[in-house]
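Since the structure comes first, as C-alpha cells, the remarks are kept for the end.
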Amino acid sequence: MSAMLDSTAPPSGPLTLLREDLRDFGGYRSARSERLQGRIWLNANESPWANPADADGALRRYPDPQPQALREALAALYGCTPEQLLVGRGSDEGIDLLVRAVCRPGGDAIVVSTPTFGMYAVSARLHGTRVIDVPLREADGAWQCDLAAIGDVALEQGARIVFLCSPGNPTGALIPLDGIAALASRLEGRALLVVDEAYLEYALAPSALTLMQSHRNVVVLRTLSKAHALAAARIGSVIADAELIEALRRCQAPYPLPSACVDEAFRALAADAVATTRARVATVRDERESLWRALGGLPGVRRAYPSTANFVLVRFEDAQDAFERLLAAGVVVRDMRAARGLGDALRISIGTPEQNTAVLSALSGGRA
C-alpha cells in the first residue's frame, strides 16, 4: 500500500476548478483499491484471526472504499449514474471534500446564505478558506435566497464554491430550480454550485440533479440520515459530473464506509423499506402542516414559518420561556438564537402525532 501520483489529461469542465496542485494527485491507494482476487489475503496487514467479539469474522477485513452495489442502489434512488456518485460519512464529509479539493488554503473563498447549515462555514474555516455571507431575505413571512446578489459577490470576489441549502436549514424554504439554473450558468467555469438537498424527500419537488446535464458545475448533496432514518449510519452522497467525482475520490480518506453501516444502508434501500419510508414521509408532511398552523395560533408565537422540510422554524415573544416550557415537558428542540437574525427563534423537528401534540401542549400551558 503506497501513495501514487497519476498523470492526467488537461482538465476540462468542473475539473478546471480543482486546486492546481491536486489535478495530478493520485491520492492514497489502499489494499482494497486494487480490486484483486485471491484465496489467501495477505496484502493489508490484517489479523489472520477474528476478534473473539466478532463471531463470524466479518470485521477483521478492511471494507470496500466505495461498494459498487451500494453506489448502484443509491444512484437508482436519486436518479443518476453510479459514476456520478461518491458515498461518504454523511453530507459532512462531502462538504469537507469539496472545500479541500477546490479551495486553496488562504487564497480562495466560499459563499453561503445565512441562516443556513453551519458546516459549510466550519469546513471552510478549518481549511483556511474565507466565508462570504449573502444573508437570506425575509419578506412577507417567507425566506428568500438572493441568487442575483450571490452571483455578483461570487464573481466579484472569485469564490470557488457557492453553497445553497434547499430546503433550507433552519428555514425550511425551497429555492426555485429555475433560479438555481440561472445562477449555475453565471458561475460556469468560475465556481461550483453545491445544492444541499438533505431534506428534499419532504418537499415534493424536483432535484437539482435535473440540471446537471446542462450545468456541469452543479453538485448535489443527499443523505440517508433524515427521511431514511439512518442518522447513526452516516451514509451521505455527493452527486456531480463523473470526472469531478473521480477527483474527489482521490482526495477521500481510505475506508470511509464501515461494513456494518453499508449493510444497514442496503436493508434501508430494499423495496419494502423504501415504501415504508415514503409512507412515513407523507405522514411527516401532513403533521408539518398541522403543527405549523397550530403553532401560528398560539399566544406568544410571533411567527411560524411555512416549511418544506421536516421541521418548523418559530419566532417567540419570549424564546427562553418557550424553550424552558418544552424542556420541562421533556421535549428537546433546537435553540436557534445564536444564529444571525434568529435571536428569538427555535427550530422544532416534526415528530410523531403524539410528540407533536406534546409540543403544543407544553407551549399552550397544557391546553392543547
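Each reported figure results from applying straightforward, stated rules to the coordinates on display, with no laboratory input. Remember, predicted model here, so these are calculated numbers, not experimental data. Counting neighbours? That spans all protein chains shown, and the Cβs are built from the backbone with ideal geometry, glycine included.
Taking the criterion of being surrounded by 15 or more Cβ atoms within 10 Å (Cβ to Cβ), of a type in the set (A, V, I, L, M) and part of a helix (DSSP H, G or I), would at least one residue in the stretch 219-229 satisfy it? Checking the stretch 219-229: not a single residue is surrounded by 15 or more Cβ atoms within 10 Å (Cβ to Cβ), of a type in the set (A, V, I, L, M) and part of a helix (DSSP H, G or I).
Within the stretch 106-145, can you find the residues that are among the aliphatic types (A, V, I, L, M) and within 27 Å of residue 18 (Cα to Cα)?
Residues satisfying the conditions are 109, 110, 111, 112, 119, 121, 122, 124, 126, 131, 132, 134.
If a residue has to be closer than 21 Å to residue 345 by Cβ and surrounded by 23 or more Cβ atoms within 10 Å (Cβ to Cβ) to count, how many in the stretch 144-162 make the cut?
First, pick out the residues of the stretch 144-162 that are closer than 21 Å to residue 345 by Cβ: 144-146.
With surrounded by 23 or more Cβ atoms within 10 Å (Cβ to Cβ) added as a condition, the list becomes 145.
Count: 1.
For the stretch 347-359, the criterion of being aliphatic (A, V, I, L, M), under 24 Å from residue 144 (Cα atoms) and in contact (Cβ under 8 Å) with a residue 40 or more places away in the chain is met by at least one residue. The numbered conditions (1) without any contact (Cβ under 8 Å) to a residue 40 or more places away in the chain; (2) surrounded by fewer than 14 Cβ atoms within 10 Å (Cβ to Cβ); (3) of a type in the set (A, V, I, L, M, F, W, C) are all true for residue 50 except (2). For residue 207, the criteria (1) surrounded by 21 or more Cβ atoms within 10 Å (Cβ to Cβ); (2) closer than 30 Å to residue 346 by Cβ hold in every case but one, which is (1).
Residues that are not acidic (Asp, Glu): find the strands (runs of 3 or more DSSP E) completely inside the stretch 92-183 holding 3 or more of those. Can you show your working first?
Details: elements: 109-112, 130-133, 137-139, 142-144, 161-165.
Here the list reads 109-112, 130-133, 142-144, 161-165.
Screening the candidates 137, 130, 39, 125 for the property of being without any contact (Cβ under 8 Å) to a residue 40 or more places away in the chain, out of contact with any helix residue (DSSP H, G or I) (no Cβ under 6 Å at 6 or more places or on another chain), surrounded by 15 or more Cβ atoms within 10 Å (Cβ to Cβ) and basic (Lys, Arg) yields one hit, 130. For the stretch 181-206, taking the residues that are among the hydroxyl-bearing types (Ser, Thr, Tyr) and in contact with a Lys or Arg (Cβ under 8 Å, 6 or more places away or on another chain), the one that is farthest from residue 80 (Cα to Cα) is identified as 202.
Please pick out the residue among 325, 303 that is surrounded by fewer than 17 Cβ atoms within 10 Å (Cβ to Cβ) and in contact with a helix residue (DSSP H, G or I) (Cβ under 8 Å, 6 or more places away or on another chain).
Working: 325 fails: surrounded by fewer than 17 Cβ atoms within 10 Å (Cβ to Cβ).
Only one candidate qualifies: 303.
Looking at 86, 42, which one is assigned to a strand (DSSP E or B) and over 30 Å from residue 347 (Cα atoms)?
Working: 42 fails: assigned to a strand (DSSP E or B).
Of 86, 42, the one residue that is assigned to a strand (DSSP E or B) and over 30 Å from residue 347 (Cα atoms) is 86.
Residue-by-condition table, conditions (1) closer than 16 Å to residue 199 by Cα; (2) in contact (Cβ under 8 Å) with a residue 40 or more places away in the chain; (3) of a type in the set (Ser, Thr, Tyr):
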| position | (1), (2), (3) |
| --- | --- |
| 242 | no, yes, no |
| 249 | no, yes, no |
| 262 | no, yes, no |
| 265 | no, yes, no |
| 287 | yes, yes, no |
| 295 | no, yes, no |
| 319 | no, no, no |
| 324 | no, no, no |
| 329 | no, no, no |
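Take the conditions (1) of a type outside the set (Gly, Ala, Ser); (2) surrounded by fewer than 21 Cβ atoms within 10 Å (Cβ to Cβ); (3) farther than 20 Å from residue 203 by Cβ; residue 177 misses just one of them, which is (3).
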